[in-house]
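Report on the following structure.
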Amino acid sequence: MNEYRNQDALVLFSGGQDSTTCLYWAKQQFRNTYALCFTYGQRHSQEVENARRIAEMAEIPFRILEANIISHLAPNSLTDITMTMDKEKPADSYPNTFVPGRNLLFLTFAATLAYAQGIRHLVTGVSEADYSGYPDCRDTFIRAANTTLNLAMDKQFVIHTPLMWRNKKQVWQLADELGVFEIVKNETLTCYNGILADGCGHCPACLLRNKGLEEYLAERGK
Ligand code: ZN
């Protein structure tokens with residue numbers, strides 16, 4: 001059916017809409033799929049427990065890696081409750097939800113684990129289509145990181161980004177095609193205020209997620 005049926009993949013997994021869709025995508029593509037969840041002092045610890053719950057539902061082995069060091073190095077509003085979260089991107093910089101270097105570090109840790117376990121494929125839910133302007137969600141960064149990891153470890157990793165060119169509406173569509181629309185809709189946690197599923201409805205993550213959902217449902221016809 002596909003070229004990866006006899007190979008394994010490691011998914012960078014947070015339990016949100018995007019990475020959950022990626023988890024099920026990988027489950028369909030690969031022989032064995034593994035989930036790796038990073039903790040870095042997120043405001044809502046239930047994010048990690050929810051990720052664990054979804055992985056259990058999907059029957060995917062789940063592993064947590066502590067990466068709190070990143071928040072010690074760079075204060076950001078995802079981890080520092082004294083900071084007010086930027087709702088929009090400031091004109092001359094990134095919103096304070098941006099954690100500089102995060103995806104590069106996470107990919108490096110993931111590749112290190114994958115190397116040790118003989119896994120060649122890494123899957124991450126970054127997207128350039130509806131992204132918040134983060135530089136480490138861009139396709140050029142992922143390609144560069146892939147090359148760097150291959151050179152650093154003398155391996156031929158393949159970083160898969162199934163959502164790279166999908167907007168949020170199209171991410172909902174992919175979940176539907178994978179047969180997990182209801183799971184993604186009801187079990188994932190995307191909201192910056194830590195509210196499951198449809199979320200608080202007014203934080204930036206909820207606005208993006210719910211707009212895409214409305215567009216997808218309008219297109220699907222129900
Ligand atoms: Zn919200």
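Quick one: which residues, 5+ away or cross-chain, put their amide H under 5 Å from the amide H of Thr39? H built at 1.01 Å from N.
Those lying under 5 Å, H to H, from Thr39 are Leu65, Glu66, Ala67.
Which order do the peptides 17-26, 166-175 come out in when sorted by mean C-beta neighbours inside 10 angstrom, highest first?
Values: 17-26: 26.5, 166-175: 21.4.
The most tightly packed comes first, giving 17-26, 166-175.
Within a Cβ distance under 12 Å of Val180, other residues only, what is the Lys/Arg minus Asp/Glu net charge?
Values: positive: Lys27, Lys185; negative: Asp176, Glu177, Glu182, Glu187.
Local charge sum for Val180: -2.
Quick one: with all protein chains in place, what share of the accessible area of the chain is carbon or sulfur, to the nearest percent (1.4 Å probe)? Mind dumping the intermediate values first?
Working: 5550 of 10840 Å².
Here it works out to 51 percent.
Please report the net charge: other residues with Cβ closer than 14 Å to the Cβ of Cys37, K and R +1, D and E -1.
Working: positive: Arg52, Arg53, Arg63, Arg102; negative: Asp18, Glu47, Glu49, Glu56, Glu66.
Charge balance near Cys37 sits at -1.
Where does the range 178-222 land on the Kirkwood hydrodynamic radius, alpha-carbon pairs, in angstrom? The partial results should precede the final answer.
Values: mean 1/r = 0.0924 Å⁻¹.
Kirkwood hydrodynamic radius for the range 178-222: 10.8 Å.
Over the range 132-222, calculate the relative contact order: mean separation of alpha carbon pairs under 8 Å at least 6 apart, over the residue count, as a percent. Spell out each step's value before the answer.
Working: 76 pairs, mean separation 18.2, N = 91.
The normalised contact order for the range 132-222 reaches 20 percent.
Give me the extension gain from Glu219 to Lys155: residue separation times 0.36 nm, minus the current Cα-Cα distance, reported in nm with one decimal. Before the final figure, lay out each step's value.
Numbers: separation 64, 0.36 × 64 = 23.04 nm, distance 4.25 nm.
So the extension gain works out to 18.8 nm.
Normalised by the number of residues in the chain, what is the relative contact order in percent for Cα pairs under 8 Å and 6+ residues apart? Could the numbers behind the result be given before it?
Values: 375 pairs, mean separation 46.0, N = 222.
Computed value for the chain: 21 percent relative contact order.
Using amide H atoms built in the peptide plane, which far-off residues or other-chain residues are under 5 Å from Ile159 H to H?
Leu122
How many Å² of accessible area per residue for the chain, probe 1.4 Å?
49 Å²
Assuming a viscosity of 0.692 mPa s and a temperature of 37 °C, what translational diffusion coefficient in µm² per second does Stokes-Einstein assign to the chain, Rh being the Kirkwood radius over Cα pairs?
Details: Rh = 17.7 Å.
Approximately 185 µm²/s, per Stokes-Einstein.
Please list, ordered by chain and number, the residues whose modelled amide H lies under 5 Å from the amide H of Tyr34; skip anything fewer than 5 residues away on the same chain.
Residues meeting the amide H criterion: Ala9, Leu10, Val11.
For a Förster distance of 45 Å, can you work out the FRET efficiency between the beta-carbons of Thr108 and Glu177, rounded to the nearest 0.05?
Calculated value: 0.90.
The values are calculated or read from the model by the stated rules, or taken from the named source; none is laboratory data. For clarity, every value in this text was computed on a predicted model and none was experimentally measured. Cβ coordinates were reconstructed from backbone atoms using ideal geometry, including for glycine residues, and neighbour counts include every protein chain displayed. These area figures cover heavy atoms from the full protein model, side chains too; ligands, DNA and RNA do not enter into them. Shrake-Rupley method; radii C 1.70, N 1.55, O 1.52, S 1.80 Å.
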